[in-house]
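Here's the structure, in structure tokens; my notes come after.
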Amino acid sequence: MIAVTGATGALGGRVAAGLAELGLTQRLVVRDPSRAPSLAGAEVVGGAGYADGDALRRAFAGADTVFFVSAHEDRNRVDLHRGVVDAAVVAGVERIVYTSFVGAAPDTVFTFGRDHFQTEEHIRASPLRWTFLRDNFYLDLMPLFAGEDGTIRGPAADGRAAVVARDDIAASAVAVLSRDVHEGAVYEMTGPEALTLHEVAEQVAQAAGRPVTYVPETLEEARASRAPSGAPDWEIEGWVTSYASIAAGELERVSPDVERLTGRAPISLAQFLRDNPDSLRHLMP
Ligand SMILES: NC(=O)c1ccc[n+]([C@@H]2O[C@H](COP(=O)([O-])OP(=O)(O)OC[C@H]3O[C@@H](n4cnc5c(N)ncnc54)[C@H](OP(=O)(O)O)[C@@H]3O)[C@@H](O)[C@H]2O)c1
């Protein structure tokens, strides 16, 4: 029995669908059961927010493995994540597969990436057998980096990111979850190439049939341009440092892990844009 968290979301939903296709038994552990997908071989347990240890323990009881999707950004995300891991241990779960982030380290430039390091450390110190999928930025979101005015703005300089499609992460996760031979492995989820944001803008422009350009910002310019959103400082810092980590080269390595796990080459940005014209809708007149 595999317990799948985040199944109402983009990644967890794809993983749940992939496990169902293989005929595996799973339990979708979600907050709102009315938003959970309806899948053969899947039962749904609702009310299981990451802050609710009792509900999580009940939801995980009887599961051998937990697929743990990291929470939305939150000031207390590390505490939420520790709670999920502790609930899994108390419930008798044996194995956890966690969606981490490329370059997870205590001092990674991307401040949200530090949460993933802390979570990995907590899992390593637990009795659970573990596998980490360290995701690069989602390739699916690249069109949304461009605002309606056709500019991508951020302090990424000329750095490169090996962005990866959520479909490829999900297929890799299904491969890991369906065979229990990945203990202690850290897999890097990347696409087939590392792109600068100039190159991202070019590809998005070509697919959208309109100009799209990348305008590099300084860190100060980036903080100032995001301040009017009213978001708290920790959140703005996360957004800004996501670009700064590209500038620092933290996201540029291209890994063979997706192909090794799934048996097929990862999807490129160009292919994604061809297959998903809806992703460009906000850039159309
Ligand atoms: N690599 C990247 O570029 C990138 C970009 C964005 C996010 N992420 C991270 O990757 C995760 C998965 O991505 P995604 O595209 O699947 O995001 P998504 O579509 O927003 O789905 C996130 C899932 O996690 C659940 N969730 C979030 N916070 C939770 C909490 N505190 N307690 C219980 N459930 C919670 C959500 O439940 P509800 O439906 O109830 O909200 C949803 O099912 C995100 O949550 C985020 O940590 C990575």
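The values are calculated or read from the model by the stated rules, or taken from the named source; none is laboratory data. Just so it is clear, the model here is predicted, and its values are computed rather than measured. All Cβ positions, even for glycine, are placed from backbone atoms using ideal geometry, and neighbour counts span all protein chains on display. Each accessible area value is taken on the protein alone, full model and side chains, heavy atoms only, with ligands, DNA and RNA left out. Shrake-Rupley method; radii C 1.70, N 1.55, O 1.52, S 1.80 Å.
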> Looking at the stretch 142-157, which of its residues are under 17 Å from residue 285 (Cα atoms) and surrounded by 21 or more Cβ atoms within 10 Å (Cβ to Cβ)?
Replying inline: 143, 146
>> Quick check on my filter: what residues within the stretch 134-145 are within 11 Å of the ligand (Cβ to nearest atom) and touching a residue at least 24 places away in the same chain (Cβ under 8 Å)?
In response: 134, 135, 136, 137, 138, 139, 140, 142, 144, 145
>> Pairs needed: first member in the stretch 174-196, at pLDDT 95 or above; second member anywhere, part of a loop (DSSP other than H, G, I, E, B) and among the hydroxyl-bearing types (Ser, Thr, Tyr); C-beta distance under 7 Å; at least 6 residues apart or different chains.
In response: 188/255; 190/255; 191/268; 192/268; 193/268
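Residues are listed down the side, and each one gets a yes or a no for (1) farther than 16 Å from residue 164 by Cα; (2) open to solvent by 60 Å² or more (accessible area, probe 1.4 Å); (3) among the basic types (Lys, Arg); (4) free of Cβ contacts under 8 Å to residues at least 40 places away in the same chain:
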position	(1), (2), (3), (4)
216	yes, yes, no, no
222	yes, no, no, no
227	yes, no, no, yes
241	yes, no, no, no
261	no, no, no, no
271	no, yes, no, yes
282	yes, no, no, no
>> Return the residues of the stretch 61-91 that are more than 9 Å from the ligand (Cβ to nearest atom) and outside any helix (DSSP H, G or I); say none if nothing qualifies.
In response: 61, 62, 63, 64, 65, 66, 67, 68, 75, 76, 91
> For residue 200, are the conditions met, namely being open to solvent by less than 20 Å² (accessible area, probe 1.4 Å), on the phi < 0 side of the Ramachandran plot and either more than 16 Å from the ligand (Cβ to nearest atom) or aliphatic (A, V, I, L, M) (or both)?
Replying inline: yes
> Looking at (1) in a loop (DSSP other than H, G, I, E, B); (2) touching a helix residue (DSSP H, G or I) at 6+ places or on another chain (Cβ under 7 Å), can you tell me which one residue 97 breaks?
Replying inline: (1)
> Which of the residues spanning the stretch 14-53 are on the phi > 0 side of the Ramachandran plot and either crowded, with 17+ Cβ neighbours inside 10 Å or touching a helix residue (DSSP H, G or I) at 6+ places or on another chain (Cβ under 8 Å) (or both)?
Replying inline: 41, 47
>> Report every pair of residues separated by at least 6 positions or lying on different chains whose Cβ atoms are under 7 Å apart, first residue within the stretch 5-24 and closer than 10 Å to residue 37 by Cβ and hydroxyl-bearing (Ser, Thr, Tyr), second open to solvent by 20 Å² or more (accessible area, probe 1.4 Å) and in a helix (DSSP H, G or I).
In response: 8/35
>> Under 9 Å between Cβ atoms, which residue pairs at least 6 apart in sequence (or on different chains) link something in the stretch 146-163 that is among the polar types (S, T, N, Q) with a partner that is part of a strand (DSSP E or B)?
In response: 151/213; 151/214; 151/215
> Can residue 131 be described as within 12 Å of the ligand (Cβ to nearest atom), open to solvent by less than 40 Å² (accessible area, probe 1.4 Å), within 17 Å of residue 4 (Cα to Cα) and not hydrophobic (A, V, I, L, M, F, W, C)?
Replying inline: no
>> Of all residues being acidic (Asp, Glu), within 23 Å of residue 86 (Cα to Cα) and away from the ligand (no atom under 12 Å from the Cβ) in the stretch 1-56, which is farthest from the chain's Cα centre (by Cα)? Just the residue, please.
In response: 54
